[in-house]
1. Rounded to whole Å and sorted largest first, list the principal axis extents of the Cα atoms in the range 78-150.
2. Please list 3J(HN,Hα) in residue order for the range 141-155, calculated via the Karplus relation 6.51 cos²θ - 1.76 cosθ + 1.60 where θ = phi - 60°; whole Hz, with x for glycine and proline.
3. Per the Kirkwood formula on distinct C-alpha pairs, the Rh of the range 55-120 is how many angstrom?
4. Where the accessible area of the chain is counted over protein heavy atoms with a 1.4 Å probe, how much of it, in %, is carbon and sulfur?
5. Quick one: which residues, 5+ away or cross-chain, put their amide H under 5 Å from the amide H of ILE171? H built at 1.01 Å from N.
6. Over the chain, with the other protein chains present, what is the accessible area per residue in square angstrom, probe 1.4 angstrom?
7. Considering every Cα-Cα pair within the chain, what fraction, in whole percent, is farther apart than 19 Å?
8. Peptides 59-70, 98-109, 115-126: what's the order by average Cβ count within 10 Å, highest mean first?
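The values are calculated or read from the model by the stated rules, or taken from the named source; none is laboratory data. Not measured: the values here are computed from a predicted model. Cβ coordinates were reconstructed from backbone atoms using ideal geometry, including for glycine residues, and neighbour counts include every protein chain displayed. Remember, those area values only see protein heavy atoms, side chains included, never the ligands or the DNA or RNA. Shrake-Rupley method; radii C 1.70, N 1.55, O 1.52, S 1.80 Å.
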Amino acid sequence: RERRRSEGEGREGSAVDPADAIPNKDGVLRWRVGGEQVKTAMFVQKDENGKGGYFTAMLVPPETLKNLPRRPVEMVFVVDTSGSMNGRPEEQAKAAVDVALQKMEPRDTFKVVKFASGAEQIWPKPVDVTPETVAQARQYVASLSGNGGTEMLQGINAAMAFPHDENRTRIVA
């Protein structure tokens, strides 16, 4: 059991109820996050001998993410087109890439890699998100069909074998 008390100015206190003399239960602390921005805090404690210590860093998310801008991404779609993907798995993979392509933002870049017995890609490096490039990629993905073996390493190598844009977060899916 827990006792709560208000400490004013938006602060709350909490203490274990004295009736719970044996601390043999897990405690769960829940709180609502307020504010529009990420809040940070750091606590540092030195050891008594002064030769070491520890710290705790906290990042508290805002109440809603709508005010936080998303960092641009470098999206790499890797699609398995091996024979084992025929049918429903192929349809689902293509549908997932199609939805993701339509949700990309103009600040993003992307490329599509397909693999089976080998790897192919529509562009050698990520391209800017434009109506034209998205339309080309959607058409390319729609035309993919399963055949050949599953040599995943070739697809992974093609997905990673180009310089990373440090201004974007690379996501390989």
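1. Result for the range 78-150: principal-axis Cα extents of 35, 23, 14 Å.
2. Here the 3J(HN,Hα) series is 5, 4, 7, 5, 9, x, 6, x, x, 10, 10, 4, 4, 5, x Hz.
3. So the Kirkwood estimate lands at 14.9 Å.
4. Result for the chain: 53 percent of the exposed heavy-atom area is carbon or sulfur.
5. GLU74, MET75, VAL76
6. Ligands and nucleic acids excluded, the result is 73 Å² per residue.
7. 71
8. Working: 59-70: 10.6, 98-109: 13.8, 115-126: 17.2.
Output ranking for 59-70, 98-109, 115-126: 115-126, 98-109, 59-70.
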